[in-house]
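What follows draws every value from the coordinates through simple rules; no lab data is involved. All figures in this text were calculated on a predicted structure; none of them were measured in a lab. Note that we place each Cβ from the backbone using ideal geometry, even for glycine, and neighbour counts take in every protein chain shown.
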Amino acid sequence: MDVVCPPPLLPMPGNLSCGCEAGLEPTELGECVPCSAGYYKAHRGMDLCDPCEVGTYQPTTGQTSCVRCARGSFQGSRGMDKCAPCGPGTSSEAGAWRCTDCLPGSYATGGEPECLPCAPGSATDKEGQAECTFCYPGWYAGVGFTACRECGMFDQLQLTNGVPKGVECTGGVLLTLTLTRIRTRTQTQTQSQSQTQTLTLTLTLALALSLALTLTLTLTLTLS
């Protein structure tokens with residue numbers, strides 16, 4: 001015989017008992033009330049609402065599930081109605097119960113979806129930093145560098161993360177030398193070498209003529 005449930009109770013599967021709908025929980029007076037914020041109930045029944053687990057939250061009453069914390073936020077307690085943003089120097093993946101420190105070469109001011117790489121001209125070699133340190137004049141850094149490098153140095157291990165080969169150091173930032181500038185520099189060097197060779201040949205001929213003239217004068221004086 002099918003059970004008859006007094007409202008607001010509803011028949012359970014099999015029609016052998018009654019229960020509150022999903023998202024509702026029973027009271028001592030036989031009523032069904034919505035789950036509180038931070039709680040949920042996934043199925044129909046007479047059981048109470050469950051608290052949202054760590055890394056999740058629920059801001060609305062009468063819900064059947066909880067929501068994962070977004071990236072850059074966390075929740076380390078159960079039964080909460082919101083997540084907290086990560087602090088400076090930290091970030092998190094979605095559904096995190098705690099935030100983790102940014103790695104060297106990156107930073108976060110707080111609440112970002114992820115740690116950001118240090119911009120060109122700045123670097124940091126420490127974890128959990130809220131900002132990167134700008135390079136001193138005469139030093140440079142590319143994207144995500146963990147340390148500034150002295151201008152003129154070439155360190156293959158540091159020239160990574162999108163920083164191209166063939167660079168010059170200006171104001172702490174690496175600038176790419178274009179092919180046109182390379183060709184111009186090469187042509188200038190070639191012209192300079194050609195001019196040097198021409199000047200050397202001219203000086204050699206002038207010296208030879210001078211020696212010949214001196215020899216002629218000497219012979220003339222001797223014969224006289």
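Observations on the model:
- Summing Lys and Arg as +1 and Asp and Glu as -1 over all other residues whose Cβ lies under 14 Å from the Cβ of SER73 gives a net charge of 0.
- Percent breakdown of C-alpha pair distances by 5 Å bin, ordered from the shortest bin, for segment 38-155: 3, 13, 17, 14, 11, 10, 8, 7, 6, 5, 3, 2, 1, 1, 0
- Summed residue charge, Cβ within 14 Å of ALA42's Cβ, Lys/Arg positive, Asp/Glu negative: -3
- More than 18 angstrom apart: percent of Cα pairs within segment 1-96: 52
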